[in-house]
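One structure is given below, encoded as structure tokens.
The values are calculated or read from the model by the stated rules, or taken from the named source; none is laboratory data. Everything numeric here is computed off the predicted structure, so don't read it as measured data. Here the Cβ positions follow ideal geometry from the backbone for every residue, glycine too, while neighbour counts run over all protein chains shown.
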Amino acid sequence: MATRSFSQEDSQLIADLHSLNKKSPKLVKFVQYAAPALPDVAVESWKMNEFKYYDVPSPFPTLARGLFSTKENGAKVDEPRYRIVARGYDKFFNIGEVPWTTWSSLEAHTKPPYTLTLKSNGCIIFVAALSPSKLLVTSKHSVGPVQGSPESHAQAGERWLHHHLKQAGKTTEQLAETLWAKNWTVAAELCDDGFEEHVLPYSTEKTGLHLHGINECSRHFRTQPTAVVEAFAREWGFIPTPSLELPSVQDVKTFTEEIGRNGTWNGEALEGFVVRSTVTSSPTDRRADGRPPYAAGSSFFFKVKFDEPYMMYRDWREITKALLARGEGANLPKSKMARSETKVYVKWVKDEIKKHPELFEGYTKGHGIIATRERFLRWLETGEGERDKEKVESAERVSAPSDKKFGKTIIMPVAVPGVGKTTVAVALAELFQFGHTQSDDVRAKKRGPAFIQNVKKLLRDHDVVIADKNNHLHVHRQDLRNAVKGMHPPVRLLALNWSLDQPHAEIHRICADRIMARGTNHQTLHGDEQGKAHESVLWRFLIDTEPLADDEADTVIEMDTREDLEHALSRAVDAVVRVLGLPRPDAERVGAALARARGYRPARTDAEQQRKRHVPPRYFGMLAEIDLVSALDAPIASARNGDAMRMFWDALKARSGVARRPHVTIVHSKQLPECVDLWERCTTLYALPAPPLFRARLGHVVANERIMAATVEDLRVDDPEAEEAQAGTAFVSQLGHALRDSLHVTIGLRDADVLPVEAGALVASFRKGAKGVQSVSLENVFIRGRIQGLFS
């Protein structure tokens, strides 16, 4: 392969990343791929821990997101030489997220022009030269085909690249020659609703690769001016990304605030803008003065994002997926049901699924999402749509809170560990100067009463106090009510309620991952990579939690466990502004609050947390993230000749006998030592810091007079392009056919005398066509989950 001049600086960056990976593999990871155009060339894709990009100073030798390297030919083993093949943008931040993206810092340390480019709603694709005649086409972190995926993002990007080059009368060899000579990486957004729909739609003429940047393949972030990028797009057939140039930071602020109020630009909805500028001041050691972490003259990007209507459209997408997966009776997240438009949408889409199921066949695979939304928006403008919306709004007016006058307010989280309650509380306290006290900070023997006293003390000097505790039991909420019952005017209890309205296995996975990611950054509950002690603690909370009753809070704000910090804070801020009548903070202040929350460290952490003594699990199984009642109720109720199964099912529901923690057993300790290989593969998978997520389909509900189960089909990795997918794909490929045919979820038992192991024999009898087995076929009922070591 032809070589270009060697850069010691670039090579040292990759060497530093290798060293950091060996020292701290959680911080920096790489995956090696064979380059499709030159299979003998190994390409390394680098990925940094996303949460650590916010740390000041940065733990990384580069802020690049999307970085690909190769080892140079002829390099000695003891003196490796590396070349950067493709380089994405440096991580850029929203207004106020870090000290150097406040409006005042931008005004002080950057210079015009300020070029605003539309933040495309797709997936990023990089194109660079492997050699003077061969190209490398990647997604953000992946190269070439992906096992389990008919077409990867990188392959779809390459398909569109060929299309654009053909239209421009160019060849891949010509593009490779140009990129090789200039040492450039082309950065484009793949926007193709036929391949993968996101939230915002793209017309036929806007489908393809939207070129938005050209970066130098270098350690340093150097990107070409917008005029060069647009000229390159025209020459090589790419779709240019819309842009606008403004002369000052104040003009950017004024313009984006106006767009934020309108929600559209040039008549179209948008997610936001990326703003490109140039640094005027070199960084200081601490960057406390708001200087960017770049030398003077460097390229510098920041972003301005808009929540609406983007968040509402995303809610509709997730609601529709839930209805398709779990049926009309699906337990929809309360957090997504606040808007009147969404309540109308739910009623409308349920009817649409019944009347036109064929229109939703590809929805769960990312097709038909935008068409469904646009049908609803058109219907909403009809007489029927307007009447339905008016009914919902009238009902809301009737059920609106009373005019009861309150004095002070206690914000009361109701949550399990790992939802992010303290992080949201820190951000709210920063934004509005609320009082904030944590139960985890209390060191008294009687922690409960001491915490209540702390809340009462803060109420003396603050109109609003955040009582930061899980408050997952009725007694906790009653203690807060009793503490202020004699105050006049009465104190409002405003609950931030992270309700358990999603499958417990899903909530457990999300929260356990967050606890693991924060490590020891908590007073008591630390992520335990070896013994997984935090997982047991979390299960205890999930089992013990008592749902919030209507009379336990004066106002309830429904939060969403699955939302990231940015969206959770946005939801909480909306509620605080609306309920308490406070001024809405601007984007800069919200960004600063996010930065404060991300950088939060408790005053103390237990130096020696009691670790769980390692006890081998009883079995390994896939915890199924599904609400069995909502998913199976409709198909069982409508089954032909299914009277006996319906009676069994109704009896299970009546005595709460439907499995609360459904799972798919993979291997049991009783099968040792015969299945020791499978046991060890499960152990290795479970020990990974972020084990892969699997997906399967429930094929049939089967039952006899003693037990009910569901067959499990098509077990595979949920996202073949996810970072941990390789380990998951390898695991599934080694499962024998006999085991795959036996996979099932035990739904319920007739009584305590029936052993769950009978479900396996029942499924085997069904597979063989034995008589006496009742069955109901299921359509589009899917489960997701991880394989974990289980004890009960």
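Which fully enclosed strands (runs of 3 or more DSSP E) of region 703-792 have 1 or more residues being assigned by TED's automatic domain parsing to the domain that holds Ala644 and surrounded by fewer than 17 Cβ atoms within 10 Å (Cβ to Cβ)?
707-717, 774-777
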Residue satisfying all of: in region 164-185; closer than 23 Å to Ser142 by Cα and touching a residue at least 60 places away in the same chain (Cβ under 8 Å); surrounded by the most Cβ atoms within 10 Å (Cβ to Cβ) among these
Thr185
Scanning region 325-355 for residues that are basic (Lys, Arg) and outside any loop (DSSP other than H, G, I, E, B), the one surrounded by the most Cβ atoms within 10 Å (Cβ to Cβ) turns out to be Arg326
Exactly one condition in (1) in a helix (DSSP H, G or I); (2) within 21 Å of Asn780 (Cβ to Cβ); (3) acidic (Asp, Glu) is false for Glu374; which is it?
(2)
Looking only at region 26-40, which residues are out of contact with any Phe, Trp or Tyr (no Cβ under 6 Å at 6 or more places or on another chain) and under 24 Å from Gly144 (Cα atoms)?
Val28, Lys29, Val31, Gln32, Tyr33, Ala34, Ala35, Pro36, Ala37, Leu38, Pro39, Asp40
Please go through region 25-67 and give me each residue that is in a loop (DSSP other than H, G, I, E, B), out of contact with any Gly (no Cβ under 9 Å at 6 or more places or on another chain) and of a type in the set (Gly, Ala, Ser), ordered by number.
Ala37, Ser58
Residue in region 160-167 that is touching a Leu at 6+ places or on another chain (Cβ under 6 Å), part of a loop (DSSP other than H, G, I, E, B) and either over 30 Å from Arg598 (Cβ atoms) or modelled with pLDDT of 95 or more (or both) present
no
Here the qualifying pairs (Cβ atoms under 6 Å; residues six or more apart or on different chains; first in region 500-517 and in the same structural domain as Ala549 (by TED's automatic domain parsing) and part of a helix (DSSP H, G or I); second modelled with pLDDT of 90 or more and among the polar types (S, T, N, Q)) come out as Ile507/Thr561; Ile510/Thr561
Out of (1) farther than 24 Å from Glu535 by Cβ; (2) touching a helix residue (DSSP H, G or I) at 6+ places or on another chain (Cβ under 9 Å), the one Phe731 does not meet is (1)
Given the structure, is Val579 more than 30 Å from Ile707 (Cβ to Cβ), in a helix (DSSP H, G or I) and in contact (Cβ under 8 Å) with a residue 12 or more places away in the chain?
yes
So which pairs qualify, if the first residue must be in region 142-159 and under 14 Å from Asp193 (Cα atoms), the second must be of a type in the set (Val, Ile, Thr), the Cβ gap must be under 8 Å, and the two must be at least 6 apart or on different chains?
His153/Ile125; Gly157/Ile125; Gly157/Val127; Gly157/Val137; Gly157/Thr138
Across region 168-196, what is the total count of residues that are part of a helix (DSSP H, G or I) and aliphatic (A, V, I, L, M)?
4
Being more than 31 Å from the chain's Cα centre (by Cα) and either surrounded by fewer than 12 Cβ atoms within 10 Å (Cβ to Cβ) or farther than 24 Å from Ile783 by Cα (or both): is that true of Asp574 here?
no
Quick one: in region 39-57, which of the residues that are at pLDDT 90 or above and buried (at least 19 other Cβ atoms within 10 Å of the Cβ) is nearest to Leu27 (Cα to Cα)?
Met48
Single residue of Leu323, Leu246, Leu270 found to be free of Cβ contacts under 8 Å to residues at least 40 places away in the same chain and not polar (S, T, N, Q):
Leu323
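Condition check ((1) in the same structural domain as Lys421 (by TED's automatic domain parsing); (2) loosely packed, with under 15 Cβ neighbours inside 10 Å) across all residues:
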site: Ala592; (1), (2): yes, no
site: Arg604; (1), (2): no, yes
site: Asp633; (1), (2): no, no
site: Gly642; (1), (2): no, no
site: Arg646; (1), (2): no, no
site: Ala651; (1), (2): no, yes
site: Ser656; (1), (2): no, yes
site: Arg661; (1), (2): no, no
site: His668; (1), (2): no, no
Where the second residue is assigned to a loop (DSSP other than H, G, I, E, B) and the first is closer than 9 Å to Val702 by Cβ and lies in region 755-772, which pairs have Cβ atoms under 7 Å and are six or more apart or on separate chains?
Leu762/Asn704; Leu762/Val773; Ser765/Val773; Phe766/Val773
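Conditions tested, residue by residue: (1) surrounded by fewer than 18 Cβ atoms within 10 Å (Cβ to Cβ); (2) modelled with pLDDT of 90 or more.
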| residue | (1), (2) |
| --- | --- |
| Ser243 | yes, yes |
| Ser248 | yes, yes |
| Val252 | no, yes |
| Thr256 | no, yes |
| Phe273 | no, yes |
| Ser277 | no, yes |
| Pro283 | no, no |
| Arg286 | yes, no |
Just checking, does region 475-488 include any residue being more than 22 Å from Ala549 (Cα to Cα) and either under 33 Å from the mean Cα position of the chain (by Cα) or in contact (Cβ under 8 Å) with a residue 60 or more places away in the chain (or both)?
yes
Kindly provide the set of residues from region 295-330 that are basic (Lys, Arg), in contact with a Ser or Thr (Cβ under 9 Å, 6 or more places away or on another chain) and either modelled with pLDDT under 85 or outside the structural domain of Thr372 (by TED's automatic domain parsing) (or both), ordered by number.
Lys303, Arg326
Looking only at region 549-572, how many residues end up being part of a loop (DSSP other than H, G, I, E, B), over 16 Å from Ile411 (Cβ atoms) and among the hydrophobic types (A, V, I, L, M, F, W, C)?
1
Out of curiosity, is Tyr82 surrounded by 19 or more Cβ atoms within 10 Å (Cβ to Cβ), under 30 Å from Glu430 (Cβ atoms), touching a residue at least 24 places away in the same chain (Cβ under 8 Å) and of a type in the set (Ser, Thr, Tyr)?
no
